[in-house]
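Q: Pasting a structure here, questions to come.
The values are calculated or read from the model by the stated rules, or taken from the named source; none is laboratory data. Because the structure is predicted, anything quoted here is derived from the model rather than measured. FYI the Cβ positions are ideal-geometry reconstructions off the backbone, even for glycines, and counts take in every protein chain you see. All accessible areas refer to the heavy atoms of the entire protein, side chains included, with ligands and DNA or RNA removed. Shrake-Rupley method; radii C 1.70, N 1.55, O 1.52, S 1.80 Å.
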Amino acid sequence: MKLSTIDQDNIIRWFVAAAVYFICLIAFYIDIGQDMGAQYFMPILLPILAGLMLIPYGTRVPIFSKAALPNLLTGIGWCVTFPLLYAWTYSSTWYQSKICFDFIVGTSAFILLMALESALFRLGCRKVIAAIMAVLNFLGLAIPFIQATYYCLFWHCLSPASLMALYLTNYHESVDFIQSNLGLVPTLLVFAGFGLFLYACYRCHLDFARRTLADDPTAGRMGALALLTLATVYAQSWYLPQTSIADLWNDVISYVNQTQEYSIGHDERLNSLMIDSKMTLAAKAPGTVILVIGESASRNYMKAYTPDFPFEDTPWLSEKLAQGDPGFLRFDNAYSSWSQTVPVLQRALTEQSQYNGKEFFESASIIDVAKKSGYETWWFSNQGRYGQYDSAITLVAKTADHAEWTDDSYNFSDKYDESLLQYLSQLDPTKNNFVVLHIMGSHIYYNNRYPSEFSKFETAEGESTVTSLPSYANSILYTDYILSQVFDYAQKNLNLQAMVYFSDHGENLEISHNPDVFSFDMVRIPMWMYLSPAYQQALPGHTQALRSHQSRYFTNDMLYDTICGLLNAPSSRYNPEQDFASSTYGFRRETLTTMLGQHPLTEDPNGLPEEQP
């Protein structure tokens, strides 16, 4: 068949446009140091060029035109966003095969949208179809937009840790995050920008309709569109799960699925936990043991730990320490193992730690140990049950004899921590009780964590109250009050034998506790213990060990073994070297790490040389 001059010119234009698209993207990858690799892009060269040439043939819309712009932006967004942000973050290469998958998915998305749009406009209802296509463009760019927004906020590409936080985030926490990082006016401007984007896309799609409907459809054109649709749908189904962002998301899903295995083997693990109940603290000094888990508390901003801190935000703890009560022990060099709640507490509450290689779903918990030691176990939380599935924390909490949440739903709690105090009246003071209280503490927004009567420290004019240092100090002040109320009630009514307080992680007041922009103030945490006179008499060895460790370095992923020691409950699932209450505690600053081994504690610029015991 002889081609006309017009057809020949069209084919040349289509080929040149397709080649420019391909070459420009390959050059882009090379320029940012993310070369796709010839072994990956050469096999897809001809299929991609053919698809890009068939699109203007079937739709009558050039790929580089105003009418095609929304679809082109959607495809390019998938092609370039993750590779670019990864290169900017790490200045290193991503897996070449993943870059290739991003390229295929982005390009096939562009071709699919073009083919689909042309076919839909043949059905009529131009304005409706144009609006639908604008929404599809918006949805198609949602993931690239989220990645770009995250980078603009934290100068870091999305990582498994940040995706995990996103996965376990609920509506209320999302609103807090947006408001704390953007503010109301910028947020409204962003939504206004979304509206303008949708309208611009709508106008472009109306232009697309005018162009594609200018010529009558032919069997060849419709056949080309059908072929492209089938090919790109197949490409999307095969390659989308293998893209860069999907690869990170799969890591998150894998983690969530593994944590669900915790419940399956729990009874077997509990039965394997052999503890001599006649030798435990419950037998030697019956009474109540309380563990309070703080939230986002940093010892940098606590007067009891940092004497030159300008706000008196720990009056109760400071007074107790000043009185010289030998039962009050403040630990000066405690750190968290990570800077987010779930990864930290799944280790603090179970055998799993940075140092032993054990898996969460194969580990016993402090609840298991307390049960086997002769305690009735209680879990009271002012934090919601995060996420679509139970988090690791909730899985442990549910194994307690009694577990209650102030907001028994999957919502983010907006109640003050004093709502937990009422639950203590449920305890029978004649029994041995092991109680875990999980408080909201200083979780951002700080000004939402305390009632108005605790607004002791005023934020400077023009400074936001939600994330200011005075607001944070007020939240610490309120936590100090809550701890005093728990202690006083338990001492008077519950035969308190021991009380432990530690925070899950610390806080950086400018960037909160995002692991992608790590700083050591995110992991410097407060930790203290109270040991009753009866405890000190019953277990003098543990008491002396804890006193001698007040200046030693410790990471809170070893809390499980420390609770085992505190309860005098050794077993085959106990390591005395990780027990801070043992004279055989085997770690020093030089051998401890944070961020799951990524940072030795010796890197902390504020860390002091460790005193010899």
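Q: Starting from the exponent 0.38 and prefactor 2.2 Å, build the expected Rg for segment 446-544 from its residue count and divide its actual Cα Rg by it.
A: Normalised Rg, Cα atoms only: 1.39.
Q: Amide H neighbours of residue 354 under 5 Å, at least 5 residues apart or on other chains, H built in the peptide plane: list them.
A: Answer set, sorted by chain and number: none.
Q: Under unit Cβ charges (Lys, Arg +1; Asp, Glu -1), what dipole magnitude, rounded to 20 debye, does the chain have relative to its Cα centre? Write out the running numbers ahead of the final one.
A: Numbers: 36 positive and 58 negative charges, 369 e Å.
Charge dipole, the chain, about its Cα centre: 1780 debye, nearest 20.
Q: Can you send over the carbon and sulfur percentage of the accessible area for segment 276-603, probe radius 1.4 Å, protein chains only? List each step's numbers first, then the result.
A: Details: 5100 of 10930 Å².
Here carbon and sulfur together make up 47 percent of the probe-accessible area.
Q: Can you work out the base-10 log of I(q)/I(0) for segment 5-247 at q = 0.10, 0.14, 0.15, 0.16 1/Å, using the Debye formula on its C-alpha atoms alone?
A: Debye curve over Cα of segment 5-247, log10 I(q)/I(0) at q = 0.10, 0.14, 0.15, 0.16 Å⁻¹: -0.52, -0.98, -1.10, -1.21.
Q: Also, I was wondering about something else. Scale the Cα Rg of segment 492-613 by the rule-of-thumb value 2.2 N^0.38 Å and send over the ratio, two decimals.
A: Numbers: Rg = 15.7 Å, N = 122, 2.2 N^0.38 = 13.7 Å.
With N residues counted in segment 492-613, Rg over 2.2 N^0.38 Å equals 1.15.
Q: If all Cα-Cα distances of segment 26-108 are sorted into 10 Å bins from 0 onward, what percent lands in each bin, rounded to whole numbers?
A: Spelled out bin by bin, segment 26-108 gives 17, 46, 29, 8, 0 percent.
Q: Taking segment 73-174 as the region of interest, what is the percent of Cα-Cα pairs per 5 angstrom bin, listed from the shortest bin to the one with the maximum distance?
A: Per 5 Å bin, starting at 0, the Cα pair percentages come out as 2, 11, 17, 19, 16, 13, 10, 7, 4, 1.
Q: I'd like the projected area of segment 1-142, averaged over all directions, using the convex hull of its alpha carbons. Report it in nm² with one decimal. Let's see the in-between values first.
A: On the way: hull surface 39.2 nm².
About 9.8 nm², averaged over all directions.
Q: Where the centre of each part is set by its Cα atoms, how far does segment 313-350 sit from segment 531-610, in angstrom?
A: 12 Å
Q: What is the gain in length, in nm to one decimal, between residue 484 and residue 19 on full extension, counting 0.36 nm per residue of separation less the C-alpha to C-alpha distance? Present the calculation step by step, with values, prior to reporting the outcome.
A: Numbers: separation 465, 0.36 × 465 = 167.40 nm, distance 7.11 nm.
Roughly 160.3 nm would be gained on extension.
Q: Another one. With N denoting the number of residues in segment 276-603, provide Rg(C-alpha) divided by 2.2 N^0.38 Å, to two decimal places.
A: Segment 276-603 yields a ratio of 0.92.
Q: While we're on this one: Add -39500 (n - 2.57) for each DSSP H run of 4 or more in the chain, then divide by its residues: what number comes out at 222 nm, to the nearest 500 deg cm²/dmol? Walk me through the intermediate numbers first.
A: Working: 21 runs with 303 residues, N = 613.
Here the helix-only value at 222 nm equals -16000 deg cm²/dmol.
Q: With just the Cα atoms defining each centre, how far is segment 226-297 from segment 58-118? Give it in Å.
A: 34 Å
Q: Okay, moving on. Under 12 Å from the 7 Å Cα→Cβ point of residue 356, by amide nitrogen: which residues of segment 531-558?
A: 557-558
Q: List every residue whose amide H lies under 5 Å from the amide H of residue 433, counting only residues 5 or more places away in sequence or on a different chain, with H placed 1.01 Å from N in the peptide plane.
A: Correct list: 287, 288, 289, 376.
Q: Right, next: When ranked by the protection proxy of mean other Cβ atoms within 10 Å per residue, highest first, what sequence do the peptides 120-128, 419-427, 571-579 form? Each step should come with its number before you reach the end.
A: Working: 120-128: 13.7, 419-427: 15.7, 571-579: 18.2.
Descending mean neighbour count gives 571-579, 419-427, 120-128.
Q: In the chain, what percentage of the DSSP-assigned beta bridges are antiparallel, given to the nearest 5?
A: Details: 15 of 41 bridges.
For the chain, the DSSP antiparallel bridge percentage is about 35.
Q: Whole-Hz Karplus ³J(HN,Hα) for segment 189-196, in order, using 6.51 cos²θ - 1.76 cosθ + 1.60 and θ = phi - 60°, x for Gly and Pro?
A: Couplings: 5, 4, 5, 5, x, 4, x, 5 Hz.
Q: Next question. Amide H neighbours of residue 508 under 5 Å, counting only residues 5+ apart in sequence or on other chains, H built in-plane at 1.01 Å?
A: Excluding prolines and chain starts, which carry no amide H, the hits are 513.
Q: Which of the GluC sites (Glu not before Pro) across segment 280-356 are loop residues per DSSP, with 16 or fewer other Cβ within 10 Å? Write down the numbers at each step before the final one.
A: Numbers: sites: 295, 312, 319, 351; in loops: 295, 312, 351.
Qualifying residues, ordered by number: 312.
Q: In the calculated pair distance distribution of the chain, what percentage of Cα-Cα distances lie above 30 Å?
A: Numbers: 112239 of 187578 pairs.
Taking all Cα-Cα pairs of the chain, the fraction more than 30 Å apart is 60 percent.
Q: Let me ask something additional. Can you bin segment 528-574 into rounded, prolate or oblate? Criterion: square roots of the alpha carbon gyration tensor eigenvalues sorted a ≥ b ≥ c, rounded for a/c under 1.5, prolate for a/b above b/c, oblate for the rest.
A: Working: a/c = 2.06, a/b = 1.14, b/c = 1.81.
Because a/c hits 1.5 or more and a/b fails to exceed b/c, segment 528-574 counts as oblate.
Q: How much accessible area per residue does the chain have, in Å², with a 1.4 Å probe?
A: Numbers: 25540 Å² over 613 residues.
For the chain, the per-residue accessible area is 42 Å².
Q: May I have the convex hull volume per residue, in Å³, for the Cα set of segment 295-403? Don't skip to the answer; put the middle values down first.
A: Numbers: hull volume 17.4 nm³, N = 109.
Taking only Cα atoms, segment 295-403 has a hull volume of 160 Å³ per residue.
Q: Which whole-Hz couplings ³J(HN,Hα) result when phi for each residue of segment 147-155 is put into the Karplus expression 6.51 cos²θ - 1.76 cosθ + 1.60, θ = phi - 60°, listed in order with x for Gly and Pro?
A: Karplus-based 3J(HN,Hα) across segment 147-155 equals 4, 5, 4, 4, 5, 5, 7, 10, 6 Hz.
Q: Kindly identify segment 96-143 as rounded, prolate or oblate by the Cα gyration tensor criterion: order the square roots of the eigenvalues as a ≥ b ≥ c, call it rounded if a/c is under 1.5, otherwise compare a/b with b/c, prolate if a/b is larger, else oblate.
A: Values: a/c = 6.80, a/b = 2.16, b/c = 3.16.
Oblate.
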